[in-house]
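Below: one structure, written as structure tokens.
The values are calculated or read from the model by the stated rules, or taken from the named source; none is laboratory data. What you see is a predicted model; the values in this text were computed from it and never measured. Backbone-built Cβ (ideal geometry, glycine too); neighbour counts: all protein chains shown.
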Amino acid sequence: MMTPETNQRGIKVLSVFMDTHAKIYADCVSRWEAWRPADFLSELRRVYLSYRPNDLSVPVLNDPVFFFRCIQNTRIEVFPELRDHRQLSIPRILAIRNAAAHDGIVKLKKSDTEYDHHQLNDDDVRYLTDCCARLVDVITKGTKPATAPKSPPVTKPRKPRDVVPTAPPPVPPSVPSTSAQDIEGLPQVLSFYILCDVSTSMHGPGIDAVNKSIEEMHAQLLEDPVISDKARLAMLTFSSQAQVELSLKRPSEIATMPQLSASGVTNYSRALELVSHEIETDIAALSSTHRPLRPVVFIISDGDPTDKTWIQGFDKLVDSSNPYAPRVVIFPCGFETSVLSSGFAQLTKGPAPHIWPIDPNRALEDAVREAIHSVTRTIVQTASRADQTLALGD
């Protein structure tokens, strides 16, 4: 609970932060366009997600946090004059902003093992105010990169080429307790898609463990009404073909979990194509009543892909040109992951899926139970957080 003094400091911080975003927006977009004329936004997203793959916020330039991190990520190529202002730390600016927007605690990383956590104070407000004023001065009046276009610079903000445009959020009357995605008044929603391998090799104890574990998962998600309200769950299966077993729903709307059976071979591409279609359809439907975050896709499999186009399928699924490209987590049950790892090294359009470490020598049914229990903990922990980060449940 923040004190009234901290709350007033937070209001000041958010006001300065938002005002700075508005003042430098057009100049920054102009520079990024000169840097990568054809795909600057896709590249900004790709670089951002390479550093923060578990951030589930939707990366659009009208989100000031994403915008400021893009300045930090491209300061060498696009904002070279910032090298002369080493005392200007965008990570520290964002730490102060996050404190103002959340719990009032400034969380600074001083080294790999040392952190500084303190209550938002007047020095923080002065630092952010001074640095933001310097940013405005440097970026709007500084020397443009050699690649900048010869045409006159844009003098007012333009709508960026985002897939889902949003208006710059207003300065709140009080420090919000939730993240920037709630500013327009719509509740956030987290979508989780479970893709389960039901090929022939899963027959017997493996598929039995799946059926029992997903019922336990459903029961646990129902225990917390907040999670049941904030999270949505879908289940797809894949073998030679892929199909939707459970369309995206609140846990409380699910009467019974599907009972699965095994047959066929492990074709990843069909599953990836189907889940991409489901995500696109679901995001469009949810956006009328909610503010969807980037979805999470869990893949539970007991073997490597048998199809030849699975790498291209993953590259398309995680393509950062799509602001709703999902975070993918793979649970390998009973097999080594060298084939997956070498394939993911070839991805070029977005961050590689996270491979959850499961002992390949464990019995299949035990590995499956561990995978689904980890999925359950991840859903619970992520939905319980105040921020927009995937919390992988150890």
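Answer with yes or no whether M235 is within 25 Å of the chain's Cα centre (by Cα), surrounded by 15 or more Cβ atoms within 10 Å (Cβ to Cβ), within 29 Å of Q388 (Cβ to Cβ) and not hydroxyl-bearing (S, T, Y). When the stated conditions are applied, M235 passes them.
Kindly evaluate R75 against the criterion of being surrounded by fewer than 18 Cβ atoms within 10 Å (Cβ to Cβ), in contact with a Leu (Cβ under 7 Å, 6 or more places away or on another chain) and closer than 20 Å to L128 by Cβ. So that I can check it myself, show each step before the final result.
Working: surrounded by fewer than 18 Cβ atoms within 10 Å (Cβ to Cβ): yes; in contact with a Leu (Cβ under 7 Å, 6 or more places away or on another chain): yes; closer than 20 Å to L128 by Cβ: yes.
Considered against the rule, which asks whether it is surrounded by fewer than 18 Cβ atoms within 10 Å (Cβ to Cβ), in contact with a Leu (Cβ under 7 Å, 6 or more places away or on another chain) and closer than 20 Å to L128 by Cβ, R75 comes out as yes.
Checking the structure you have, find out if any residue of the range 318-330 is under 22 Å from the mean Cα position of the chain (by Cα) and acidic (D, E). Looking for residues that are under 22 Å from the mean Cα position of the chain (by Cα) and acidic (D, E), one finds at least one in the range 318-330, hence yes. The set of residues from the range 331-362 being of a type in the set (V, I, T) and under 18 Å from the mean Cα position of the chain (by Cα) comprises T348, I355.
Being assigned by TED's automatic domain parsing to the domain that holds F192, without any contact (Cβ under 8 Å) to a residue 60 or more places away in the chain and touching an Asp or Glu at 6+ places or on another chain (Cβ under 6 Å) is true for just one of T237, T256, T281. Which residue is that? Before the answer, list the steps.
On the way: T256 fails: touching an Asp or Glu at 6+ places or on another chain (Cβ under 6 Å); T281 fails: touching an Asp or Glu at 6+ places or on another chain (Cβ under 6 Å).
Among T237, T256, T281, only T237 is assigned by TED's automatic domain parsing to the domain that holds F192, without any contact (Cβ under 8 Å) to a residue 60 or more places away in the chain and touching an Asp or Glu at 6+ places or on another chain (Cβ under 6 Å).
Selection over the range 213-229 of residues that are surrounded by fewer than 19 Cβ atoms within 10 Å (Cβ to Cβ) and in contact (Cβ under 8 Å) with a residue 60 or more places away in the chain gives a count of 4. Here is the figure for the range 293-317: residues that are over 19 Å from the mean Cα position of the chain (by Cα) and within 20 Å of D63 (Cα to Cα) total 0.
Of L274, L317, which residue is closer than 24 Å to D55 by Cα and buried (at least 20 other Cβ atoms within 10 Å of the Cβ)?
Working: L274 fails: buried (at least 20 other Cβ atoms within 10 Å of the Cβ).
None of the other options fit; the residue is L317.
Taking (1) of a type in the set (D, E); (2) in contact with a helix residue (DSSP H, G or I) (Cβ under 7 Å, 6 or more places away or on another chain); (3) loosely packed, with under 15 Cβ neighbours inside 10 Å in turn, D304 satisfies each apart from (3). Filtering the range 1-55 down to residues that are surrounded by fewer than 18 Cβ atoms within 10 Å (Cβ to Cβ), over 23 Å from L82 (Cα atoms) and β-branched (V, I, T), which residue is farthest from the chain's Cα centre (by Cα)? Per the stated criteria, the residue is T3. Residues in the range 86-123 that are assigned to a loop (DSSP other than H, G, I, E, B) and at pLDDT below 85: how many? Here the count works out to 6. Pairing each residue of the range 58-81 that is not assigned by TED's automatic domain parsing to the domain that holds H290 with any residue that is among the acidic types (D, E) and surrounded by fewer than 21 Cβ atoms within 10 Å (Cβ to Cβ), provided the two are 6+ apart or on different chains, yields C-beta distances under 6 Å for V60/D162.
If we scan the range 309-324, do we find a residue that is at pLDDT below 95, of a type in the set (K, R) and not in a loop (DSSP other than H, G, I, E, B)? No, because not a single residue in the range 309-324 is at pLDDT below 95, of a type in the set (K, R) and not in a loop (DSSP other than H, G, I, E, B). Filtering the range 328-355 to residues that are among the hydrophobic types (A, V, I, L, M, F, W, C) and touching a residue at least 12 places away in the same chain (Cβ under 8 Å) leaves V328, V329, I330, F331, C333, F335, V339, L340, F344, L347, A352, I355.
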